[in-house]
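The values are calculated or read from the model by the stated rules, or taken from the named source; none is laboratory data. For clarity, every value in this text was computed on a predicted model and none was experimentally measured. Don't worry about glycine lacking a Cβ; one is built from the backbone with ideal geometry, like all the others, and counts go over all protein chains shown.
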Amino acid sequence: MEQPYLPQEVEQEAQQFWDYHQSFTVKENLSKEKFFCLAMMPYPSGQLHMGHVRNYTIADVIARYNRMLGKNVMQPMAWDAFGLPAENAAIKHKSHPAAWTYNNIKQMRKQFQRLGFAYDWSREIATCKPEYYRWEQQLFVKLFKKGLVYRKLSTVNWDPVDQTVLANEQVVDGKGWRSGAVVERRDIPQWFLKITAYADELLDDIKKLDHWPEQVKTMQSNWIGRSEGVTLQFPFEDSEDILETFTTRPDTLYGVTYLALSAGHPLVKAAAKDNPDLQAFIKECSFIQVSEATVATMEKKGMDTGLRVIHPLSKKSLPLWVANFVLMDYGTGAVMSVPAHDQRDFEFAQKYDLPIQPVIKDPQHPNWDYTESAMTSKGTLINSNDYEGMDFDRAFDAITNHLEARQQGKREVHFRLRDWGVSRQRYWGAPIPMIHCSECGPVPVPENQLPVVLPEDLPYDGANSPLKTTPEFYQTACPDCGQRAERETDTFDTFMESAWYYTRFACRNQTDAMLDDRAKYWTPVDHYIGGVEHAILHLLYARFIHKVLRDEGLLNSDEPFLRLLTQGMVLKDGAKMSKSKGNVVDPNTLIDQYGADTVRLFTIFAAPPEQSLEWSDSGVEGSHRFLRRLWTCAQENTWMKSYSQLLKDKQAPKIDWASVPQEYQKSRRELHLILQQAHSDYDRLQFNTVVSGCMKILNLTSKLNPKDEPCYQHLLHEGFSILLRLLAPIAPHITHALWRQFEFGEAIIDGPWPKTNSEAMRTSEMELILQVNGKLRDKISIDADSDNECIEKQALAQERIQPYIENKVIKKVIIVPKRLVNIVVGDK
Ligand code: ANZ
Ligand code: ZN
């Protein structure tokens, strides 16, 4: 009797099996190679979308595959549970961030379980729990004591109506999202982590990341932005003061036609004292949030300060401007402008009619017209006095040495990377464990008083953080002098939680310390999977904290993630699936309709992991049909179960493969070639072609003919046992069920991974002698089944006979079957 394919039953049964056997609960095991597989933890928004399904399926395939290879695989799950969306949702649904978050976690956990992900749930982490963030607080205190934490004024978005700080996302067109009031900028004291102390190492170690996408490495190194340059001094014309500028192009010094200051530069503030126009301009600049990306494209604006400085070499007098494209917190906040060779300087000079002086010649750009555009490439110096004719390197050294000798210049390395501001003026986050005492200043909360627990039940209306208005929270005593003091009411940036969570999985149940030796066993993460939107900050912060934890003696590696996979997007009709576009496909409905295996199979089959996946309803149908065919084909061959028994008892008939009909030899060869290919596809992360391989095997086995040969059973059985294992990481439930039903072995999750049989793969090749006009010139090896046309083609293509047939007419080709090929040529 045939059993129909009922995915819901099959999947529930498999999940119960794993659950009952605690299949994915792992321990340290020194006899096996460990493999830590992790997908970036999700934000518990409550709603699983196809992007999640894809991301976590890819990770699960990697985890399950490595387990079948015999490794000790840990794959855990965590929830990035703090953050702004919970606050917003709480207001919207008139609930509480904590209630909303915990409820969402419950929902999403259920959905993940339905998808059959091989997680060790005993290690589950929710970052909003004090048992988790207490260690983060402890680390912060340690770093404070080490001098890696400091406090400084920093600008925030201030809503003057709600009297609250806004996150960048809460500023819409320069206005507060709730009040609609024009947002002001305010400087308030905030906590910083000294990531810049690790800038060099963070940059150097990118070299070690052999298995990261090049693109991500480039983004990391641009973000760190190491620049070797020179700080040069320009004396003021009318005073003893000196203006310092940072440049990476001292070779262009003779091309400087003006200098430009940031609006925030102290000299500008001074110059604006009796200059209302300048004051207005400064104000205008301070409202623009200048990110570096916008600097390149925004309209260049500026004003002449009226001050003048002296060129250090030519001694010419140069004007000093204020310009909106000069950043205050890079270099010295001042630039020497070379409009001929820098695009920003060029646009500015054009706009304000400042002179342009070319000083570099580049043979690559012979027709360059300096009144049209800047030529930014390096070249040979012109119009540069003593330095005429030098190339970049020589000019760099000569000019810099000259000025250094006169103490007008200094070689310096600057980083674009800024220290990490971790203070957020929000409620739903981990409290920063500091106490402000009017006598002693900021004092860390003593370690034995940690954690500083976030009260989860404070009334919350979406405006100010209730921590700031709840005396029970903020009133405390100074740990140093015992006087009344106030707790810090800011909370951590949620990137703090995600910067170290992967380490905590190793010892999730450790209550006495952040980490223990198990962290050294499990870290680094062997394969990390996530969205490219985290390619900069999250990964950089995690790399930083990893090095910090290593320096604390808690970890013994330099980098957190050995291998990184950034999965592509899920698109529908060419656009990103998103709620706002209304093109969302709900995974739950799909699982109800087709089962988890179909959903998993479709997301894997539709595209290689790193490329975007175009949604297709017919693709889902197709995946489902394949699974049904697999199931049916298996049920039509229930004898496979007794054949498994025969094999186990070594009672199966011995087969002499060399003497079975060609058809069988060919099929078996193909089977093993597919297996070999699938193995390499798994290693190359081309899972979609593994699925094609599985489909080929199914076609192959169902076409086997004739069915009365003794090797038929063997081959079909072998084909199934390979197919099921290749497919198991992708569609784990159906393969689990069939594997057990036909008693191929114990649980399929433990493999073993099938091995290719080299004998089966051997081709029946024949060797042919290759002659030209009857003389032996070469030998060729060729598939025994080849026809004459094919033999002739290959013979003529042999490299070693080319000299004999070039410029000749081929009169005929004689083929003596299984022996030789004779090419008869004559002169043209
Ligand atoms: C003269 C010059 C000539 C420059 C030239 C470039 C090309 P990187 O390489 O990214 O470090 N710069 C310096 N401080 C700045 C600031 N606070 N805001 C905006 N721009 C600033 O960039 C270094 C270059 O950026 C410096 O070299 C300076 O312009 C500019 F043909 O000096 B350069
Ligand atoms: Zn005190």
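Couple of notes before you dig in:
- Restricting attention to segment 25-81, the residues that are in a loop (DSSP other than H, G, I, E, B) and under 26 Å from residue 98 (Cβ atoms) total 14.
- Some residue of segment 476-489 being touching an Asp or Glu at 6+ places or on another chain (Cβ under 8 Å) and away from ligand 2 (no atom under 12 Å from the Cβ): no
- Test: residue in segment 342-364 that is assigned to a loop (DSSP other than H, G, I, E, B), of a type in the set (Gly, Ala, Ser) and at negative phi: no
- Residues in segment 402-442 that are within 16 Å of ligand 2 (Cβ to nearest atom) and free of Cβ contacts under 8 Å to residues at least 60 places away in the same chain: 435, 436, 437, 438, 439, 440, 441.
- Summed over segment 733-748, residues that are within 21 Å of residue 682 (Cα to Cα) and either of a type in the set (Asp, Glu) or out of contact with any helix residue (DSSP H, G or I) (no Cβ under 6 Å at 6 or more places or on another chain) (or both) total 1.
- Only a single item in (1) at pLDDT below 95; (2) among the aliphatic types (A, V, I, L, M); (3) part of a loop (DSSP other than H, G, I, E, B) is not met by residue 607, and it is number (1).
- Residue tally, condition acidic (Asp, Glu) and over 21 Å from residue 108 (Cα atoms), over segment 10-52: 2
- Condition check for residue 296: modelled with pLDDT under 80, aliphatic (A, V, I, L, M), on the phi < 0 side of the Ramachandran plot and surrounded by fewer than 20 Cβ atoms within 10 Å (Cβ to Cβ): yes
- Residue match in segment 360-368 (condition: surrounded by fewer than 18 Cβ atoms within 10 Å (Cβ to Cβ) and touching a helix residue (DSSP H, G or I) at 6+ places or on another chain (Cβ under 9 Å)): no
- Search result, residues across segment 398-418 that are out of contact with any helix residue (DSSP H, G or I) (no Cβ under 6 Å at 6 or more places or on another chain), assigned to a helix (DSSP H, G or I) and closer than 24 Å to residue 330 by Cβ: 403, 404
- Considering 399, 360, the condition of being of a type outside the set (Phe, Trp, Tyr), touching a Phe, Trp or Tyr at 6+ places or on another chain (Cβ under 7 Å), modelled with pLDDT of 95 or more and more than 16 Å from ligand 2 (Cβ to nearest atom) is satisfied by 399 alone.
- Scanning segment 787-805 for residues that are under 15 Å from residue 767 (Cα atoms) and touching a residue at least 12 places away in the same chain (Cβ under 8 Å) yields 788, 791, 792, 794, 795, 798.
- If the condition is being more than 16 Å from ligand 2 (Cβ to nearest atom), in a loop (DSSP other than H, G, I, E, B) and more than 10 Å from residue 97 (Cα to Cα), then segment 443-457 contributes 450, 451, 452, 453, 454, 455.
- Helices (runs of 4 or more DSSP H) wholly inside segment 501-564 that include at least 2 residues being surrounded by fewer than 18 Cβ atoms within 10 Å (Cβ to Cβ): 517-522, 537-551
- Any hit, segment 108-119, residues being in a loop (DSSP other than H, G, I, E, B), hydroxyl-bearing (Ser, Thr, Tyr) and within 26 Å of the chain's Cα centre (by Cα): yes
- Taking the listed residues 755, 811, 793, the one that is surrounded by fewer than 16 Cβ atoms within 10 Å (Cβ to Cβ) and either aromatic (Phe, Trp, Tyr) or within 30 Å of residue 625 (Cα to Cα) (or both) is 755, with no other qualifying.
- Test result for residue 329, within 35 Å of the chain's Cα centre (by Cα), more than 16 Å from ligand 2 (Cβ to nearest atom) and either under 30 Å from residue 283 (Cα atoms) or in a loop (DSSP other than H, G, I, E, B) (or both): yes
- Listed by position, the helices (runs of 4 or more DSSP H) enclosed by segment 745-828 that each have at least 2 residues that are over 46 Å from the mean Cα position of the chain (by Cα) are 788-797, 802-805.
Let's see how each residue does on (1) modelled with pLDDT of 95 or more; (2) crowded, with 16+ Cβ neighbours inside 10 Å; (3) in contact with an Asp or Glu (Cβ under 7 Å, 6 or more places away or on another chain); (4) over 26 Å from residue 539 (Cβ atoms):
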residue	(1), (2), (3), (4)
144	yes, yes, no, no
147	yes, no, no, no
150	yes, no, no, no
162	no, yes, no, yes
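- Positions within segment 438-482 being of a type in the set (Asp, Glu) and surrounded by 14 or more Cβ atoms within 10 Å (Cβ to Cβ), in sequence order: 456, 480
- Checked against the criterion of being within 13 Å of ligand 1 (Cβ to nearest atom), touching a residue at least 12 places away in the same chain (Cβ under 8 Å), part of a loop (DSSP other than H, G, I, E, B) and among the acidic types (Asp, Glu), segment 291-306 contains not a single residue that satisfies it.
- Qualifying residue in segment 213-223 (condition: surrounded by 13 or more Cβ atoms within 10 Å (Cβ to Cβ) and either within 27 Å of residue 316 (Cβ to Cβ) or within 10 Å of ligand 1 (Cβ to nearest atom) (or both)): no
- Strands (runs of 3 or more DSSP E) fully within segment 135-252 counting 1 or more residues that are charged (D, E, K, R) and without any contact (Cβ under 8 Å) to a residue 40 or more places away in the chain: 149-159, 184-193
- Scanning segment 314-338 for residues that are more than 9 Å from ligand 1 (Cβ to nearest atom), crowded, with 19+ Cβ neighbours inside 10 Å and modelled with pLDDT of 95 or more returns 318, 320, 321, 322.
- Scope segment 369-382; condition within 21 Å of residue 353 (Cβ to Cβ) and within 14 Å of ligand 1 (Cβ to nearest atom); matching residues: 370, 373, 374, 375
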